[in-house]
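Accompanying notes for the structure given below.
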Amino acid sequence: MKPCGNLLAILEELAEDAKQVDGGEVDAVKDLIVKAKRVFVAGAGRSGFAARGFANRLMHLGFSAYFVGEPTTPSIQPGDLLIIGSGSGETASLKAMAQKALDQGATLATLTIFPANTIGSLASACIKIPGVTSKVDQEAGKAASIQTKGSSFEQLSWLIYDGIIIDLKRETGQTDEDMFARHANLE
């Protein structure tokens, strides 16, 4: 069998970058999820795909969770949490959404490369993820990448979201069977 060199390089990159993620920051976001009445999750582009998967898994755990922009997503209210995945922290539509959520009395959390940028500065909790964007070619401490800019942020976001799900599953005493009972059955 011939090893897939690019796949192994990507996995090595993510493993190195994961060492830069602060577990305390992850716990802070997880704690906000547990305290929230409802959880709204948002992201644009490929970061949005990861966010959508996270909202889906939160629903499987029994949380009232919504991906922003879907027709069935209700209005955000006080006591709710909005989690935004944004590499730059400056995506115009997501900045407006963050401010709107705060204006409505909701709490904001984010996953971002740049915690000091707009969305991170508005957030009650922020998970800093090493990454490369069109604005920054190589961040200090970021593993070298063979990937297209933005890819490692999106991939590590997905893994962080899944790590939060693992913790919440354990902390809520849920089983795979509990989660599967909430899985879509009109497929």
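The values are calculated or read from the model by the stated rules, or taken from the named source; none is laboratory data. Quantities reported herein were computed from a predicted structural model and do not represent experimental measurements. So basically every Cβ, Gly included, is an ideal-geometry build from the backbone, and we count neighbours across all protein chains shown. For the accessible areas, the whole protein counts, side chains as well, though only heavy atoms, and no ligand, DNA or RNA atoms are used. Shrake-Rupley method; radii C 1.70, N 1.55, O 1.52, S 1.80 Å.
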Whose amide H sits under 5 Å from the amide H of Thr110, counting only residues 5 or more places off or on another chain, with H placed in the peptide plane?
Ile84, Ala125, Cys126, Ile127
Per residue, how much accessible area does segment 19-175 show when a 1.4 Å probe rolls over the protein heavy atoms, in square angstrom?
45 Å²
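Compute, for segment 19-175, the length of the dipole vector about the Cα centre, with Cβ point charges of +1 (Lys, Arg) and -1 (Asp, Glu) only. Units Debye, rounded to 20.
For segment 19-175, the charge dipole is close to 180 debye.
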Residue farthest toward the positive end of the dipole of segment 19-175, with Cβ of Lys/Arg at +1 and Asp/Glu at -1: which of Phe63, Ile127, Ser157?
Phe63
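Over the chain, what is the mean sequence separation of C-alpha contacts under 8 Å (at least six apart), divided by residue count, expressed as relative contact order in percent?
25 percent
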Checking the cross-link filter: which lysines have an alpha carbon closer than 24 Å to that of Lys128, excluding same-chain neighbours under 8 positions apart?
Lys19, Lys30, Lys35, Lys95, Lys100, Lys142, Lys149, Lys169
For the pair Asp167 and Gln104, what calculated FRET efficiency results from E = 1/(1 + (r/R0)^6), where r is the Cβ-Cβ distance and R0 = 22 Å, to the nearest 0.05?
0.20
Assuming 0.36 nm per residue, please report the length gained on full extension of the stretch Phe49 to Ala28 beyond their Cα-Cα distance.
5.3 nm
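What is the percent carbon and sulfur in the accessible area of segment 40-187, measuring with a 1.4 Å probe over the protein chains and ignoring ligands?
C and S atoms contribute 55 percent here.
Rounded to a whole number of µm²/s, how large is the Stokes-Einstein D of segment 1-78 at 37 °C and 0.692 mPa s, given Rh as the Kirkwood radius over C-alpha pairs?
220 µm²/s
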For the chain, what log10 I(q)/I(0) values come out of the Debye formula at q = 0.10 1/Å, with one point per alpha carbon and no solvent?
-0.40
Gain on full stretching of the segment that runs from Glu177 to Gln147 - 0.36 nm per residue minus C-alpha separation:
7.1 nm
